[in-house]
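Enquirer: Below is a structure I'd like to ask you about.
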Amino acid sequence: MKASTWFLILIAGSFTGCYGDRILSNLLFDKYCSEEGRTGQFIYERVGLGEEYFIPIPKNRRELVRVDRGYFIDNDKLLIDEKRFLKDFVYSDTREILISQFGPIYSYENTVVRKSDNKVLSKKIFLVNEKGWLFRQSILWVAVGDHCPEYRGNLVVKSESKTFYKDLIDNTFYKK
């Protein structure tokens, strides 16, 4: 073979080795993001909470900083007592599930479960494409990538993005 042929094979092989994972992961990611029910926030049952579940919102700034923002509902007008809430409900830690080695692409899921009957009241699922080994390693060793449904490369692409990351507890519970 001529030297020019070897050079083309070397260039093509280098390109595929460096960017093939990213190209394939982007194709898979687009497919996953467009599948109905693969991502989003799913509210199966809204639950009304009685007065005993709520505590006054701290007026002191120091105390307010210590409050878990995830327990505010009704446009931050009400604060659920976390200890009381956790007696009857489980808000799961984020569960990471690998759905593709290419990228890799992960699915992240949170759920709210009622303890009395183990019923899943709501869940939210989003995907992250880490965009291939070259991309991950090249940004100061920080894992970055595209998120679905919210944004791609930190650019908002869907109008529902602001409500998607609004906490699941706020969308599942209300005051009776």
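Enquirer: Probe radius 1.4 Å, ligands and nucleic acids left out: which of 78, 27 has the largest accessible area, and how do the rest follow?
Expert: Order by accessible area, largest first: 27, 78.
Enquirer: If the cut-off is 17 Å between C-alpha atoms, which aspartates and glutamates fall inside it for residue 59, apart from same-chain ones fewer than 8 positions away?
Expert: 68, 76, 81
Enquirer: Show 25, 92 ordered by accessible area, largest first, where the area counts protein heavy atoms only and the probe is 1.4 Å. Write down the numbers at each step before the final one.
Expert: On the way: 25 0, 92 30 Å².
Accessible-area ranking of 25, 92, largest first: 92, 25.
The values are calculated or read from the model by the stated rules, or taken from the named source; none is laboratory data. Just so it is clear, the model here is predicted, and its values are computed rather than measured. The area values use the complete protein model at the heavy-atom level, side chains included, leaving out ligands, DNA and RNA. Shrake-Rupley method; radii C 1.70, N 1.55, O 1.52, S 1.80 Å.
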